[in-house]
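Comments concern the structure below.
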Amino acid sequence: DAGVTQSPTHLIKTRGQQVTLRCSPKSGHDTVSWYQQALGQGPQFIFQYYEEEERQRGNFPDRFSGHQFPNYSSELNVNALLLGDSALYLCASSGSRSRNTGELFFGEGSRLTVL
Amino acid sequence: AQSVAQPEDQVNVAEGNPLTVKCTYSVSGNPYLFWYVQYPNRGLQFLLKYITGDNLVKGSYGFEAEFNKSQTSFHLKKPSALVSDSALYFCAVGSGGSYIPTFGRGTSLIVHP
């Protein structure tokens with residue numbers, strides 16, 4: 001049973017560029033949440049996708065956008081990258097049993113470095 | 001708004017000794033509480049949760065946590081620490097009003113041989 005998979009694992013971008021990160025949820029899960037984890041900090045909620053729509057959003061600017069596909073996989077897009085966007089981006093999935101409790105299954109993350 | 005406080009940036013304990021990692025929370029309504037562990041350069045792994053029921057919750061790898069409503073705490077404990085328990089531990093809180101959990105800043109647990 002595959003868990004949550006994310007790609008790429010590492011990437012380096014320069015300021016002003018755009019980046020797309022990808023996530024496939026755990027088998028049987030239909031909800032994907034994205035988190036940003038800056039160095040030395042806890043994960044900060046970016047947004048959650050369910051039924052191909054953004055359901056909830058954290059305190060992140062519109063430069064952060066996402067998408068969910070019919071197979072439940074998801075993308076996170078960040079435009080006009082800033083140095084402060086350097087972080088570990090975590091994807092977490094949940095399903096019908098875990099969605100209403102907040103229990104999350106995390107991927108290994110995509111580490112973004114902005115130079 | 002919901003929030004979590006992990007008052008210790010780092011906890012040091014000798015192998016074989018009991019360990020406690022502290023967590024306090026603030027939330028409107030009944031809390032959903034979680035502990036996750038993160039090893040270096042890895043994602044978070046679920047350890048245990050409290051939704052309702054018995055205040056003492058048992059989880060993975062011999063960890064347990066005690067929900068204390070009056071003190072709004074959910075401390076993580078283990079009777080006998082292992083060197084392999086060394087990692088970053090995150091407490092998180094959600095509620096019926098927001099199923100999106102809010103995470104604390106994390107506590108680094110270091111178990112010395």
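What to note about this one:
- For the range B:48-111 and the range A:1-19, distance of Cα centres in Å: 29 Å
- Based on the convex hull around the alpha carbon atoms, the range A:5-114 presents an average projected area of 6.3 nm².
- D (Stokes-Einstein, µm²/s), Kirkwood Cα radius, chain B, 0.890 mPa s at 25 °C: 175 µm²/s
- Max mean-square fluctuation residue, GNM over chain A, Cα-Cα springs under 10 Å, options A:52, A:75, A:103: A:103
- In the protein assembly as shown, the alpha-carbon atoms span a convex hull of 123 Å³ per residue.
- Straight-distance crosslink candidates among lysines, where the alpha carbon sits under 16 Å from residue B:49 and sequence neighbours closer than 8 are dropped: B:22, B:58, B:69, B:77, B:78
Every number in this text was worked out from the coordinates using simple rules, so none of it is lab data. Bear in mind the structure is a predicted one, so any value in this text is a computation, not a measurement.
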